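Trainee: For reference, the structure I am asking about is given below.
The values are calculated or read from the model by the stated rules, or taken from the named source; none is laboratory data. What you see is a predicted model; the values in this text were computed from it and never measured. Note: ideal-geometry Cβ built from the backbone for every residue, glycine included; neighbour counts use all protein chains shown. Surface areas here come from the heavy atoms of the whole protein model, side chains and all, with no ligands, DNA or RNA. Shrake-Rupley method; radii C 1.70, N 1.55, O 1.52, S 1.80 Å.
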Amino acid sequence: MKHVPMRMIRRHITGFTLIELMIVVAIIAILASIAVPAYTSSVRKSRRTEAKTAILDFAAREERLYATQNVYSSDPVALGYAAAGGSWPVSTGSYYQIDAPTNVQPATATTPATFTVTVEPSAGSPQLQDTICTSFTVTQTGAQSATGSDPSACWP
């Protein structure tokens with residue numbers, strides 16, 4: 001049997017040191033601390049589309065009713081929300097709900113008919129954490145508004 005010097009054996013057994021592994025772990029932690037909040041923000045922003053779609057659909061339903069019956073309604077069944085069981089709030093999907101419309105007034109000789117509707121995050125929805133756009137509102141004139149820390153970012 002041939003004698004192999006100890007240096008030769010050590011050269012083949014080398015691997016990562018603890019310091020090198022700790023540096024890799026630190027780099028991964030830094031990247032994750034940047035990526036996770038950016039991802040969460042993007043997901044919240046994309047979920048706002050559900051609220052905007054639902055509120056604009058509601059306004060279209062009100063306008064369709066007004067075009068045929070010359071009146072706005074606060075009855076979910078009259079607006080085509082039969083699945084709601086005739087009560088408010090109406091779920092828009094997984095993240096938001098339509099609250100009962102407010103300011104539903106018939107037209108008079110001096111004032112036009114009006115309605116205001118608001119969409120808010122559903123109870124238990126992760127969108128409750130969205131402080132930038134807390135709720136969305138639309139009126140019969142199409143005026144769009146929102147509440148939150150940056151409402152101007154809610155209706156781009």
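Trainee: Go over the candidates 86, 124, 93 one by one and state the one that is in a loop (DSSP other than H, G, I, E, B), touching a helix residue (DSSP H, G or I) at 6+ places or on another chain (Cβ under 8 Å) and either modelled with pLDDT of 85 or more or surrounded by fewer than 19 Cβ atoms within 10 Å (Cβ to Cβ) (or both).
Mentor: None of the other options fit; the residue is 93.
Trainee: Hey, can you tell me all the residues within the stretch 64-80 that are in a helix (DSSP H, G or I) and either among the aliphatic types (A, V, I, L, M) or loosely packed, with under 14 Cβ neighbours inside 10 Å (or both)?
Mentor: Selection gives 64, 65, 67, 68, 69.
Trainee: Follow-up question, since we're still on this one. Scan the stretch 127-155 residue by residue and report those that are among the hydrophobic types (A, V, I, L, M, F, W, C) and open to solvent by 60 Å² or more (accessible area, probe 1.4 Å).
Mentor: Listed by number, the residues that qualify are 128, 132.
Trainee: Next up: I'd like to verify a number: residues in the stretch 124-142 that are in contact with a strand residue (DSSP E or B) (Cβ under 8 Å, 6 or more places away or on another chain) and without any contact (Cβ under 8 Å) to a residue 12 or more places away in the chain, how many?
Mentor: 1
Trainee: Find the residue count for the stretch 96-121, including only residues that are in a loop (DSSP other than H, G, I, E, B) and surrounded by 18 or more Cβ atoms within 10 Å (Cβ to Cβ).
Mentor: Number satisfying all stated conditions: 1.
Trainee: I'd like to check something: does the stretch 47-67 contain any residue that is over 30 Å from residue 150 (Cα atoms) and in contact (Cβ under 8 Å) with a residue 12 or more places away in the chain?
Mentor: Yes, the stretch 47-67 contains a residue that is over 30 Å from residue 150 (Cα atoms) and in contact (Cβ under 8 Å) with a residue 12 or more places away in the chain.
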